[in-house]
Amino acid sequence: MCGIIGLHLRDPELAPMLGRLLDDMLCGVSERGPDSVGIAVYGDGERNPEGHSAVSVLRAPGDLAASAGALLPGTPTVTAQVAGDTTVLSAPVGVEALTAAVAAAAPEALVVGSGNDLVVYKGAGHPQDLARTYGLREVSGWQGVAHTRMATESAINPEGCHPYSVGADQCLVHNGSFSNHATIRRELERQGVTFDSENDSEVGARFVAACLAEGDDLEKALLRLGETFDGFYTLLVTTADGFAVVRDEIACKPAVIAEHPRWVAMASEFRALADLPGIDEARVFEPDPGKVYAWQR
Amino acid sequence: MAALSRAEADARSPVVFDLHETTVRALNAELHAPTATSYEVLHPQGAHSLGAGIHDEIDVAVRGHAGYFCAGMNKLGRVVVDGSAGNGVAENMMSGSVRVRGDASQSAGATGRGGLLVIEGSASMRCGISMKGIDIVVGGSVGPMSAFMAQAGRLVVCGDAGDGLGDSIYEARLYVRGSVGTLGADCVEKPLRDEHVAELGELLDAAGLDHRPEEFRRFGSARGLYHFTGDHGSY
């Protein structure tokens, strides 16, 4: 089953409310995925300050901030925020440098998100309990996504949570299953792409990241995904400035989009959107099969 | 407790179920063995299965948005949703009526065998999939793959129909006032004869819509998939 929510704010005045809006939306999809959750937020200046980058890590050793900081040029201060299974490290360095330092300092740790604007949390447990652990209601920013998981093909653990964030400030959440992911994985591996898991959704995320790295915009990347991947999917993909939704040509997996002058939102079910401010004036529709819907900041 | 007579019950105000205070399970238990004839459901918040499995001639007003399978398997109930409805509204309805004042999600009226489903807004994909006798009137448009494998009943679309309308249709009559994206396999346009104008007029009246029946086009089965033919080659 699984549930997806996403919110892209157009009106900066709503930024302080992002976390509250996301938390209310999350309630509407908790029943679709009560075993684990992943949440990504963009633009929270306290969690990922201006001029900093942040890396979200699972299985982080307690001294990771110090050991990663020692590996960075100039040994800047690395701050660590622990929220359940996720540790978020931030430092006034580039995202590639911080990611490399974390990987070198703790090879056993798993990086589940990185960016100049992005913070990712993942954990097993009830979505609303975990939202409290992450302090979701206190989040500010301009964009957020969350995925509630009802695991069907692999273990219930933080590593299996979406979003898959495999490029800086990129996130992909997936409801469905790809059927030809192994073939595409081998092709990407031949091109030098490395994978963290056996998960089909990670192949989708790596494919989109590769397209974006080649210069595609979000819409083109997702159209290429549609030409390449077989299976069932509703996808929500976000980047440093973008928000896009696409469904497969049969479109069995649910999705509702609401577009309002102050925001764009997407969810698996309408009830997750019902409390958004101004929902009665929003244009609410279900995305057509195979069509990419994309918005840019 | 003896059931109220219809006259006694009608004289009373609707029985209110506020889903902020009680559960869908309690609501549906009451609707399955009703002690009144009129009910009002407050704060539905998109809950699933509201009013599914109603047997009796009762009125149910859902004041807000309904989730999946609202009024599914309805027998004699008259259900009104003052909001939007999720997947499979009036799924497998047998008789009675369901009215959605907003939009409906996928598979509205799926496999319905009778009764009238009115969607004042638009319906998403697969509206009337495998319909088997239900009448569906949509004030707005329907999404792709509507009336897929439709077997009996009537689907009236006052707006546009998406791609693949009536794919693999057996019977059922489809009326569309606006544009049709593409027709599905074995679905063809047919002439709108007097008897069709008459039945369309009745359906629009029943739905409370005042379009002229002559503005619609009729679609149905070419009956080309009923039997295998020599075109399929020998295996």
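Looking at (1) crowded, with 23+ Cβ neighbours inside 10 Å; (2) within 13 Å of chain A (Cβ to nearest Cβ); (3) under 30 Å from B:Thr182 (Cβ atoms); (4) among the aliphatic types (A, V, I, L, M), which is the one condition that is false for B:Ile129?
(1)
Looking at segment A:195-220, I want the residues that are at pLDDT 95 or above and have a partner that is part of a helix (DSSP H, G or I) and open to solvent by 30 Å² or more (accessible area, probe 1.4 Å) with Cβ atoms under 6 Å, at least 6 apart or on another chain. Which pairs are those?
From residues that are at pLDDT 95 or above, the pairs are A:Val203/A:His181; A:Cys211/A:Arg224.
Kindly establish whether B:Glu30 is open to solvent by less than 60 Å² (accessible area, probe 1.4 Å), away from chain A (no Cβ under 14 Å) and farther than 19 Å from B:Gly102 by Cα.
yes
Look through segment A:274-285, keep the residues that are modelled with pLDDT under 95 and buried (at least 16 other Cβ atoms within 10 Å of the Cβ), and return whichever of them is farthest from the other protein chains (Cβ to nearest Cβ).
Looking at the filtered set, the residue picked out is A:Ala282.
Which strands (runs of 3 or more DSSP E) sit wholly inside segment A:19-84 and have at least 1 residues that are at pLDDT 95 or above and surrounded by fewer than 17 Cβ atoms within 10 Å (Cβ to Cβ)?
Because the criterion is at least 1 residues that are at pLDDT 95 or above and surrounded by fewer than 17 Cβ atoms within 10 Å (Cβ to Cβ), the strands (runs of 3 or more DSSP E) in segment A:19-84 that meet it are A:79-83.
Give the residues of segment A:152-194 that are modelled with pLDDT of 95 or more and of a type in the set (D, E, K, R), sorted by residue number.
Once the filter is applied, which keeps residues that are modelled with pLDDT of 95 or more and of a type in the set (D, E, K, R), segment A:152-194 yields A:Asp169, A:Arg185, A:Arg186, A:Glu187, A:Glu189, A:Arg190.
Would you please name the residue that is farthest from the other protein chains (Cβ to nearest Cβ), looking only at residues in segment B:35-62 that are part of a loop (DSSP other than H, G, I, E, B) and open to solvent by less than 10 Å² (accessible area, probe 1.4 Å)?
In this case the residue turns out to be B:Ile58.
So in segment B:80-103, with the set limited to residues that are open to solvent by 10 Å² or more (accessible area, probe 1.4 Å) and under 11 Å from the mean Cα position of the chain (by Cα), which one is nearest to A:Gly28 (Cα to Cα)?
Across segment B:80-103, the extreme among qualifying residues is B:Glu91.
Does B:Ala198 fit the bill of being touching a helix residue (DSSP H, G or I) at 6+ places or on another chain (Cβ under 9 Å), small (Gly, Ala, Ser) and more than 13 Å from chain A (Cβ to nearest Cβ)?
Yes, satisfied.
For segment B:63-79, what are the residues that are at negative phi and open to solvent by less than 40 Å² (accessible area, probe 1.4 Å)?
B:Ala66, B:Gly67, B:Tyr68, B:Cys70, B:Gly72, B:Asn74, B:Gly77, B:Val79
Could you grab the pairs with beta carbons closer than 8 Å, sequence gap of 6+ or different chains, first residue in segment B:132-147 and touching a residue at least 60 places away in the same chain (Cβ under 8 Å), second one among the hydroxyl-bearing types (Ser, Thr, Tyr)?
That search, which allows pairs on different chains as well, returns B:Gly139/B:Ser122.
Under 8 Å between Cβ atoms, which residue pairs at least 6 apart in sequence (or on different chains) link something in segment A:54-74 that is assigned by TED's automatic domain parsing to the domain that holds A:Ser90 and over 14 Å from A:Ala104 (Cα atoms) with a partner that is crowded, with 16+ Cβ neighbours inside 10 Å and basic (Lys, Arg)?
Within 8 Å, the pairs are A:Ala54/A:Arg47; A:Ser56/A:Lys122; A:Leu58/A:Lys122.
Residues that are in contact with a strand residue (DSSP E or B) (Cβ under 8 Å, 6 or more places away or on another chain), in a helix (DSSP H, G or I) and either within 20 Å of A:Leu58 (Cβ to Cβ) or open to solvent by 40 Å² or more (accessible area, probe 1.4 Å) (or both): does segment A:103-110 have at least one?
yes
I need a count of the residues in segment A:255-270 that are out of contact with any Pro (no Cβ under 7 Å at 6 or more places or on another chain) and part of a strand (DSSP E or B).
Summing the residues that are out of contact with any Pro (no Cβ under 7 Å at 6 or more places or on another chain) and part of a strand (DSSP E or B) in segment A:255-270 gives 9.
Does any residue of segment A:220-237 turn out to be of a type in the set (Val, Ile, Thr), open to solvent by 20 Å² or more (accessible area, probe 1.4 Å) and within 14 Å of chain B (Cβ to nearest Cβ)?
No, the conditions are met nowhere in segment A:220-237.
What number of residues within segment B:87-116 are touching a strand residue (DSSP E or B) at 6+ places or on another chain (Cβ under 6 Å), in a loop (DSSP other than H, G, I, E, B) and within 14 Å of chain A (Cβ to nearest Cβ)?
2
The values are calculated or read from the model by the stated rules, or taken from the named source; none is laboratory data. Worth saying up front: this structure is predicted, and the values here are computed from it rather than measured. Cβ atoms come from the backbone with ideal geometry, glycine included; neighbour counts cover every protein chain shown. For accessibility, only protein heavy atoms count, side chains too; no ligands or nucleic acids. Shrake-Rupley method; radii C 1.70, N 1.55, O 1.52, S 1.80 Å.
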